[in-house]
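Encoded as structure tokens, the structure appears first; notes follow it.
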């Protein structure tokens, strides 16, 4: 066909608009391969993102433990160097537990810290983190950390591989004594297990951070990877779960009581 004639202006647009029988498109196999690649990339990236969030939680938790310790020091400066009491609200003064503080001590910690959230690990949700606190009848408030100061007659008796810890009583005690730790605790009698720091965040079962479905097994068994340990001198450091020692967390109750690692 000779396009030098005047009809060229008509033929060229028509030819340009003619659809090609070989128009390219995704085949089903290509689409499936693309979806598979996206799924693989997501599987690689999501754990890294979750791990990053957990590292940020650990830093926040570390800072809060430091503030907790400062509050106890401010209290001690007003009370002849004595640390807040570790006693519970129970009528038996020997019925003590490391994640439980009395109503009075909780109020005192709020006063000296200026922030009620300071005594609970920011990783933990319900039953923690409620404005009214988690009150356990006749004992006091279950807080989101272990408070190890002001407990009586320590070290408590060893029990089945768990040692009794030494509780600092005053600001002048051994500065290397642990004062506040993450709540890597469990209680077979209470049927609760706490693991605020797993590989990708706190361990949560059945929408409950006390993990009742675990029926009181150890924190490590449900996925705890470690925790922050705050010393009397104000320093706070991270310890992996394999480096932690096993301690008795209740004074009286043997296998029905509380146990913890730090």
*asked:* What percentages make up the Cα-Cα pair-distance distribution of segment 30-174 when the bins are 5 Å wide from 0?
replied: 2, 9, 14, 17, 16, 12, 8, 5, 4, 4, 3, 3, 2, 1, 0, 0
*What angle do you read, to the nearest 10 degrees and between 0 and 90, between the alpha-carbon axis of helix 103-113 and the longest principal axis of the chain?*
60
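Just want the ordering: 238, 186, from fewest to most Cβ atoms lying within 10 Å of their own Cβ. Could the numbers behind the result be given before it?
Numbers: 238 16, 186 28.
Lowest count first: 238, 186.
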*Please give the helix 8-17 orientation as an angle from the longest Cα principal axis of the chain, in degrees from 0 to 90, rounded to the nearest 10.*
30
_Computed Kirkwood radius, in angstrom, where 1/r is averaged over Cα pairs of the chain_ = 21.1
*asked:* Starting from 0.36 nm per residue, how many nanometres of slack lie between residue 173 and residue 242 once their C-alpha separation is accounted for?
replied: 22.1 nm
*asked:* Cut-off is 10 Å between beta-carbons; in what order do 132, 79, 120 appear when sorted fewest neighbours first?
replied: 132, 79, 120
*FRET efficiency for residue 206 and residue 59, Cβ-Cβ distance as r, R0 = 25 Å, nearest 0.05?*
0.30
*In degrees between 0 and 90, to the nearest 10, how far off the longest principal axis of the chain does helix 28-78 point, with axes built from Cα atoms?*
30
_Taking every DSSP beta bridge with both residues inside the chain, roughly what % is antiparallel (nearest 5)?_
95
_Can you tell me, using C-alpha contacts under 8 Å and at least 6 residues apart, the relative contact order of segment 146-262 as a whole percent?_
27
*Post the alpha-carbon centroid distance, segment 167-203 to segment 68-94, in whole angstrom.*
17
*Would you list 222, 38 from fewest to most Cβ contacts within 10 Å?*
38, 222
_Below 8 Å, C-alpha to C-alpha, sequence gap of six or more: please give me the relative contact order for the chain in percent._
18
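All of the numbers you see were taken from the coordinates with simple rules; none came from a lab. Predicted model only: the values in this text are computed from it and were never measured. Backbone-built Cβ (ideal geometry, glycine too); neighbour counts: all protein chains shown.
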